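As structure tokens, the structure follows; a few thoughts come after it.
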Amino acid sequence: MDERNAGLPLTYPLSAVVGNDPAKMAVSCLLASRRLKTLLIYGPAGTGKTLIARSAAALSGGRRTVELPLNATGEQVFGSLDMDDAIRNGSRTVSDSIMRRANGNIIVADNANLLPKDILHGVLDAVLGGVVRAEMDGLSVCENVDTMLIATMDPSEAELDAHELDRFDLCVRTDDLGTEDERTEVVRRALAFVSDPSAFRSSYKEADDAMASRILLAEAREVPIGGRATAIIAAVCENLGLDGHRGDIAAAETAATLAALDGRGFVSDDDVRNAVGLCLMHRCEPAAYVPAEPETGCTVQADAEPSDLPVAEAVDGPEPSLKMKDGTHAEGAVTRAVARAEPDSYGDETMVFAAGGSFDVKDFIPRGDRNARDRDSGRRGLGISEDASGRCIGYVIPRGRVKDVALSATIRTAAPYQRERRRDGVAIAIMPEDLREKVRVRRKGTKILFVVDGSGSINADARMMAVKGAILSILDDAYKRRDMVGLVVFRGTTAEEVLPLTRSVSLAYTILSELPTGGRTPLVQGLRKGYDVLRKYSEAGESPVMVVLTDGWGNVSVDVRSRGNEELKATAEVLRDTGIRMIIVDTERKDSRYRRAGDLAAMLGADYVMLDEISTESLSASVNTVLENE
């Protein structure tokens with residue numbers, strides 16, 4: 001069948017991919033193993049992730065790829081009520097689904113990090129557990145499924161959390177190729193493929209057939225995993241501080257598969273090294289990046305002591321390294337574990353290994369901003385829609401008048417009863433009790449107003465610099481979150497809205513470029529001005545956020561006849577009942593005995609964040625953390 005006419009993506013030969021050897025190795029392991037089920041390929045856009053994922057079917061001995069679209073619903077993925085069977089026979093059976101079509105084949109989930117969580121989790125459950133569950137309209141059906149998942153993601157778009165990453169047996173990164181010759185070859189092959197796909201694939205058929213034959217032979221070869229290999233893997237996992245045992249099991253299975261692909265009946269130390277790189281690094285939580293000297297590539301006998309392992313100076317300067325919980329570097333984890341492990345019996349062959357080998361600690365998904373970049377752009381980014389706008393995520397039994405009928409759910413509910421109902425010429429007779437209403441979500445955005453002490457107190461300049469940076473940082477994500485950010489500064493005797501609520505980074509940068517500090521501290525005026533700015537939004541049913549940066553001290557009264565503390569308490573009492581969410585950021589010095597900002601937070605019923613050091617990163621991260629936990 002011609003792939004263009006069938007509407008299928010053209011399959012690029014895996015052997016024609018330039019570079020990306022770890023990805024090719026991972027695909028081969030997935031196809032050759034009976035127990036490895038999931039592979040994640042991640043990297044920047046345009047580095048061949050999807051191309052590699054789709055090319056796997058050609059090497060798999062008859063399997064085909066089944067695409068998992070981003071806009072697929074749960075019913076499309078896991079199955080729904082078979083309407084024809086329900087109407088004709090009154091029975092409740094599951095219709096065709098993506099998971100059913102994937103049985104015996106390969107699921108390709110492009111941009112898996114952008115999938116709704118319930119879809120991604122359900123697919124991972126089905127692939128790893130071998131059972132797909134369809135839950136609908138009081139019907140629960142389980143079907144066996146034997147499939148594997150190849151997912152891709154660009155971490156700059158959204159992240160997967162640690163639990164989701166842990167459920168991928170294998171994980172590899174694709175990168176831009178470094179040399180001019182490699183880039184030139186990529187372009188040459190791409191143009192040749194577009195010009196004549198059949199001729200291009202024919203030119204790589206022999207190489208692809210050799211890879212497919214190697215995979216087929218490995219699939220039939222059972223390689224035992226000796227105690228030495230498992231001991232090395234266990235030592236590395238323990239030293240990396242991994243939670244659970246999925247990593248150990250995946251690495252052991254991968255090491256055995258690599259041996260089978262190499263035509264050997266035993267697992268070598270190099271198999272273990274490569275398995276660690278493929279299976280463990282995406283499960284690590286980096287503790288710190290520190291300079292490390294790479295170990296030499298010389299060979300060391302398997303019974304060498306750790307102290308005998310030579311270390312050479314770096315030729316091109318130190319590389320960033322992952323420090324483990326024992327204070328050492330990950331590059332040496334395999335080396336030390338290998339040196340300490342008891343040798344297995346491999347006949348007369350003497351096992352050696354290359355210290356440092358192909359273990360690349362940089363090849364893992366960075367987690368620096370995972371909490372701030374959820375694929376849904378934060379929990380505060382979505383809210384239940386009160387009207388018929390937004391994306392439908394499900395349905396409910398309505399209470400009162402139905403505003404937005406979930407037609408398919410209503411028909412499914414009514415379908416099994418059609419044989420007993422009078423239809424009077426209509427295809428389906430629907431009763432009031434059959435009606436279902438859609439549940440929709442939409443981006444609701446958040447109004448975030450910074451109310452900042454701009455007086456001449458200690459750290460005023462550093463505080464204002466951090467606020468400017470935090471505002472610009474949050475505005476960078478404002479388009480995705482629909483957030484708006486503004487700024488009120490209180491200093492001297494008044495408070496002023498210096499930046500109206502906006503999503504514009506350029507406007508914010510222009511206004512924030514020069515903000516003076518100095519003078520007295522009119523704290524009450526600042527709180528009241530913040531309330532004036534946000535009141536119309538809270539009265540409209542929104543939940544705006546006021547982030548107040550203060551040490552809690554104020555020395556300017558609104559009414560000269562009243563005492564400052566009484567004014568503050570009265571203002572706080574009003575703000576508590578406005579629907580405005582308050583976050584107090586304590587800017588008091590680290591060594592101070594006074595925490596007046598904490599008292600203010602208690603008055604307001606506000607979230608309290610104490611910053612020992614005022615910086616753009618700490619302020620932005622603290623605000624995001626509080627908002628994500630709402």
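Please pick out the residue among 488, 585 that is surrounded by 23 or more Cβ atoms within 10 Å (Cβ to Cβ), in contact (Cβ under 8 Å) with a residue 40 or more places away in the chain and of a type outside the set (Ser, Thr, Tyr).
488
Of all residues in segment 422-466, which are in a loop (DSSP other than H, G, I, E, B), charged (D, E, K, R) and modelled with pLDDT of 75 or more? Before you say what the answer is, go through the steps one by one.
If we filter segment 422-466 for residues that are in a loop (DSSP other than H, G, I, E, B), which is where we start, we get 422-431, 435-436, 444-446, 454-459.
Subset that is charged (D, E, K, R): 422-424, 436, 444.
Passing the criteria: 422, 423, 424, 436.
Report every pair of residues separated by at least 6 positions or lying on different chains whose Cβ atoms are under 9 Å apart, first residue within segment 562-573 and over 10 Å from residue 604 (Cα atoms) and at pLDDT below 90, second polar (S, T, N, Q) and crowded, with 18+ Cβ neighbours inside 10 Å.
These pairs meet every condition: 563/557; 564/557; 567/557.
I'd like the full set of residues that are over 15 Å from residue 15 (Cα atoms) and either in the same structural domain as residue 283 (by TED's automatic domain parsing) or assigned to a helix (DSSP H, G or I) (or both), limited to segment 171-182.
Of all residues in segment 171-182, those over 15 Å from residue 15 (Cα atoms) come to 171-181.
Correct list: 180, 181.
Pick out the one residue from 185, 143, 164 that is outside any loop (DSSP other than H, G, I, E, B) and within 23 Å of residue 245 (Cβ to Cβ). Spell out how you get there, then give the answer.
Values: 185 fails: within 23 Å of residue 245 (Cβ to Cβ); 143 fails: within 23 Å of residue 245 (Cβ to Cβ).
Unique residue meeting the criteria: 164.
Within segment 215-226, can one find any residue that is part of a helix (DSSP H, G or I) and within 15 Å of residue 14 (Cβ to Cβ)? I'd like the intermediate steps shown before the answer.
Our first condition is that a residue be part of a helix (DSSP H, G or I); within segment 215-226, this holds for 215-220.
Filter again for within 15 Å of residue 14 (Cβ to Cβ), leaving 215-216.
Yes, there is a match, as at least one residue in segment 215-226 is part of a helix (DSSP H, G or I) and within 15 Å of residue 14 (Cβ to Cβ).
Could you say whether any residue in segment 260-270 is farther than 19 Å from residue 31 by Cα and in a helix (DSSP H, G or I)? Outline the logic, then answer.
Taking segment 260-270 and keeping what is farther than 19 Å from residue 31 by Cα, we get 266, 268-270.
Then drop every residue that is not in a helix (DSSP H, G or I), which leaves 269-270.
Scanning segment 260-270 turns up at least one residue that is farther than 19 Å from residue 31 by Cα and in a helix (DSSP H, G or I).
Which numbered condition trips up residue 415, out of (1) assigned to a loop (DSSP other than H, G, I, E, B); (2) modelled with pLDDT of 65 or more; (3) crowded, with 19+ Cβ neighbours inside 10 Å?
(1)
List the strands (runs of 3 or more DSSP E) that sit entirely inside segment 19-109 and contain at least 1 residues that are touching a Cys at 6+ places or on another chain (Cβ under 8 Å) and at pLDDT 90 or above. First the steps, then the outcome.
Values: elements: 38-42, 65-67, 106-109.
Per the criteria, 38-42.
Would you pick out the residues in segment 513-535 that are out of contact with any Ser or Thr (no Cβ under 8 Å at 6 or more places or on another chain) and among the β-branched types (Val, Ile, Thr)?
533
Right, residue 124: touching a residue at least 60 places away in the same chain (Cβ under 8 Å) and either in a strand (DSSP E or B) or crowded, with 19+ Cβ neighbours inside 10 Å (or both) or not?
Values: touching a residue at least 60 places away in the same chain (Cβ under 8 Å): yes; either in a strand (DSSP E or B) or crowded, with 19+ Cβ neighbours inside 10 Å (or both): yes.
Yes: the conditions hold for residue 124.
Can you find even one residue in segment 485-497 that is at pLDDT 85 or above, closer than 20 Å to residue 598 by Cα and part of a loop (DSSP other than H, G, I, E, B)?
Checked segment 485-497: no residue is at pLDDT 85 or above, closer than 20 Å to residue 598 by Cα and part of a loop (DSSP other than H, G, I, E, B).
The values are calculated or read from the model by the stated rules, or taken from the named source; none is laboratory data. Just so you know, these numbers come straight off a predicted model, no measurement behind them. With ideal geometry, Cβ positions are generated from the backbone for all residues, glycine too; neighbour counts draw on all protein chains shown.
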